[in-house]
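Below is one structure; the comments refer to it alone.
The values are calculated or read from the model by the stated rules, or taken from the named source; none is laboratory data. Fair warning: this is a prediction, and the values are worked out from it, not measured in the lab. Heads up, the Cβs are rebuilt from the backbone with ideal geometry, glycines too, and the neighbour counts pull from every protein chain shown. With ligands, DNA and RNA removed, areas are computed over all heavy atoms of the protein, side chains included. Shrake-Rupley method; radii C 1.70, N 1.55, O 1.52, S 1.80 Å.
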Amino acid sequence: MSQQQPLISHLLELRNKLLKAIGSVLFVFICLVYWANDIYHYMATPLMNALPETSSMIATDVAAPFFAPFKLTLILAFFIAIPYVLFQIWSFIAPGLYKHEKRLMMPLLASSTILFYLGIAFTYYIVFPVVFGFFTSVAPEGVQVATDISSYLSFVLKLFFAFGLAFEIPIAVILLCWAGVTTPEDLKAKRPYIVVGAFVIGMLLTPPDIISQTMLAIPMLILFEGGLIAARFYSKKDTDEDDEQVEQDQPGQ
């Protein structure tokens, strides 16, 4: 019974953290839902600017004019609430971490959030104008470009997630080096394979066009190099030394 009590208390705490995280998303969503159509219009602006003056977006499904903005607003609410969601995750796992792990994880959580936002901003302000300008300019003669709003939403969300995750590469490099899985020197030696891998990942995560693939692969390579620089400050050796110091400070445990 004594062993079950800690497990139950941890499960209850996990439930409370999850409820708070979900509640934060719902709270932001309720605050934004009134402007759902305006939010969708802002998201569609890059495509609207690239379309010919005689073209516009269309809705081929009866319920699409309602559900597309609704879905976008819900996902936007999650993006906005990410810092609080990560804080709830952090507050749950922090008591079980060593001092050096806490010193590493908190900056990584903050950095990963910022990098994810930067990936989304890069997609909206840099990638979308180029990709949509290219797509609309190569339409065959006599073909009127009129994109369905649900198809457009699926397209942009796929790119948002692809670039948002790709911008987490420095965090992944730091964690791999910190855990002792690899070293910055080993990763530098494998740079040619990583270059090829970046373009393969760009091909898998983006729509089948060379422009978006290249615009994803190049930032990934730049971020990889940044991760190599940052990873030099974290190593398995430093972690082992910190563990030994903790054991010396707590000889009775």
For region 113-152, which semi-axes, largest first and in whole Å, follow from the square roots of 5 times the eigenvalues of its Cα gyration tensor?
28, 12, 5
May I ask you to give the percent of accessible area on region 51-191 that is carbon plus sulfur, with a probe radius of 1.4 Å?
71 percent
What accessible area, in Å² to the nearest ten, does a 1.4 Å probe give for His10?
100 Å²
Which whole-Hz ³J(HN,Hα) couplings does region 120-130 yield from phi under the Karplus relation 6.51 cos²θ - 1.76 cosθ + 1.60, θ = phi - 60°, glycine and proline marked x?
5, 5, 4, 5, 6, 8, 10, 6, 4, x, 6
Report ³J(HN,Hα) in whole Hz for each residue of region 39-53, in order, from the Karplus equation J = 6.51 cos²θ - 1.76 cosθ + 1.60 where θ = phi - 60°; Gly and Pro get x.
5, 5, 4, 5, 5, 8, 4, x, 6, 4, 5, 8, 6, x, 4
Counting only heavy atoms of the protein chains, get the accessible area per residue of region 118-184 (1.4 Å probe) and round it to a whole Å² value.
45 Å²
Long-range HN-HN contacts of Thr183 with modeled amide H, under 5 Å
none
Which angle from 0 to 90°, rounded to the nearest 10, does the C-alpha axis of helix 210-231 make with the longest principal axis of the chain?
20 degrees
Taking the Cβ of Ala198 as the center, what net charge do the other residues with Cβ under 14 Å away carry, scoring Lys and Arg +1 and Asp and Glu -1?
0
Can you give the helix-only mean residue ellipticity at 222 nm for the chain, where every DSSP H stretch with n ≥ 4 adds -39500 (n - 2.57) and the sum goes over all residues, rounded to the nearest 500 deg cm²/dmol?
-25500 deg cm²/dmol
Heavy atoms of Ser212: accessible area, 1.4 Å probe, square angstrom to 10
0 Å²
First select every other residue whose beta carbon is under 11 angstrom from the beta carbon of Ser91; then total the charges, Lys and Arg +1, Asp and Glu -1.
+1
Got a sec? What order do Phe199, Phe67 fall in by accessible area at 1.4 Å, biggest, i.e. largest, first?
Phe67, Phe199
